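The values are calculated or read from the model by the stated rules, or taken from the named source; none is laboratory data. Since the model is a prediction, treat every value here as computed from it, not as a measurement. Note that we place each Cβ from the backbone using ideal geometry, even for glycine, and neighbour counts take in every protein chain shown.
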Amino acid sequence: MTSTSQPWVEKYRPRNINDVAHQEEVVRTLEKALETANMPHMLFYGPPGTGKTTCALAICRQLYGPELIKSRVLELNASDERGISVVRNKIKGFASTAVGQGAPGYPSPPYKILILDEADSMTNDAQSALRRTMETYSKVTRFFILCNYISRIIEPIASRCAKFRFKPLGHEVMGDRLKFIATAEGLTLGEGCYEACSTHSGGDMRKAITLLQSAARLFGTATITGKEITAVAGAVDEDQVAQVVALCKTNQVDGANRIIESILKDGFPGLQIITQFAERVVDDEGVSDAVKGKICARIAEADKALVDGADESLQLMAIVSTACVAMKA
C-alpha cells in the first residue's frame, strides 16, 4: 500500500510506547516492564481510539523487532471470532507451541504474545475456556486482553491480568496530534477545526484522524475548517442548533420548530439533532441546573420513544415545547 492511499490512522500510529499520547501512567508502567522484558498477562480497558491496540503492538515491536513479531505474536479480534471453538482450536493451538530463537538486538523473551481485541464481546463460555488456556500455557504465552468495558470480562480472567485503564483524550492532546499530522500532510487547520474534531470524535483519536483525512480528501482544500469537519461527521451545523436554543429562550416555539423541520428535511436523523441539542443546553451557562434537568428528562423520554419507532418530528416538537416552557419559567 502506498503512503498516499494508506489511512492516516495507520500511517501515524505510534511505533514506540513513549510516543503514545495522554496515557502517562500506563506508559510509565509499561516502560518499566519493558526494561525487564518480563510481562504479565495484561488487561487494557477504556473507550475506543485511546491507544489500547497501539500500546499492545508497540510492546510487541519493542520486544521482538519487525521480523520475529510475525511468528511470536497473534492478533485476534474477538468481535469476529468470539465462540468457544476459536478458543479451543486457534488460541489453544498458538498458545501451546514452543518458542524458537530470539532476534539479535531485541529482548526476545522466551514467550509468545496473543492479543485479543474487543474481548468484551466474547461469550461467557468462551471466556471461561480462555481462562483455562491462560492458566495452562502461561510459561510460553502471555495474553493481552483489550476491551471497552471491563465489567463484561469475567472475574477469573480480570484477576489474572495487570489492569491498565486508558482515558479519553482531551482537546489539547488531540489538537497537538492533529496539528502534527496536518503539518506532515501539508494542511492548514482553520477556524473551529480542533473543536469540531474533538466534539464529534468524543475523545476518540482514531475517529478524529479519520474525520480530518476524510475532510481533506472530500473537499480537496489546503485549509480545513470546523464546518468541513462537521459536514464529514454527518452532524448538524452548530449555528443552527444554537439558533434553536436561542429561540427556545425567548419562547418562540414556531420559529424553533421551523428550524428543526428544515434540519430534518436536509436528511439529518432525529437522534443526531436531539444529541446536539442536549449538548448545547447542558453547556449553556445561562440556563439553570434545574431547567437543564427538566429538558434532559424530556429528551430521555423522546430518545426512548424514537428507539421504539415514534415519529421524529413530533418528538422533536415535544422537546422544543418543554424547553420553551422550562426556560420561560
I want to confirm something. Restricting to segment 258-268 and keeping residues that are touching a residue at least 24 places away in the same chain (Cβ under 8 Å) and in contact with a Leu (Cβ under 8 Å, 6 or more places away or on another chain), which single residue is nearest to Gly286 (Cα to Cα)? Ile260
Name the one entry in Leu116, Leu68, Leu63 that is surrounded by 18 or more Cβ atoms within 10 Å (Cβ to Cβ), assigned by TED's automatic domain parsing to the domain that holds Leu146 and over 19 Å from His41 (Cα atoms). Leu68
Matching residues, segment 30-64, being modelled with pLDDT of 85 or more, assigned to a helix (DSSP H, G or I) and among the hydroxyl-bearing types (Ser, Thr, Tyr): Thr53, Thr54, Tyr64
When you scan segment 275-308, how many residues do you find that are farther than 17 Å from Lys249 by Cα and of a type in the set (Val, Ile, Thr)? 2
When segment 140-156 is checked residue by residue, the ones that are under 26 Å from Gly51 (Cβ atoms) and either touching a Cys at 6+ places or on another chain (Cβ under 8 Å) or surrounded by fewer than 21 Cβ atoms within 10 Å (Cβ to Cβ) (or both) are Phe143, Ile145, Asn148, Tyr149, Ile150, Ser151, Arg152, Ile153, Ile154, Glu155
Here are some residues: Gly267, Gly293, Gly309, Gly286. Which one is outside the structural domain of Lys227 (by TED's automatic domain parsing) and assigned to a helix (DSSP H, G or I)? Gly293
Anything in segment 100-139 that is within 22 Å of Cys55 (Cβ to Cβ) and aliphatic (A, V, I, L, M)? List them, or say none. Ala103, Ile113, Leu114, Ile115, Leu116, Ala119, Met122, Leu130, Met134
Taking into account only those residues within segment 155-173 that are without any contact (Cβ under 8 Å) to a residue 40 or more places away in the chain and in contact with a helix residue (DSSP H, G or I) (Cβ under 6 Å, 6 or more places away or on another chain), which is farthest from Cys197 (Cα to Cα)? Pro156
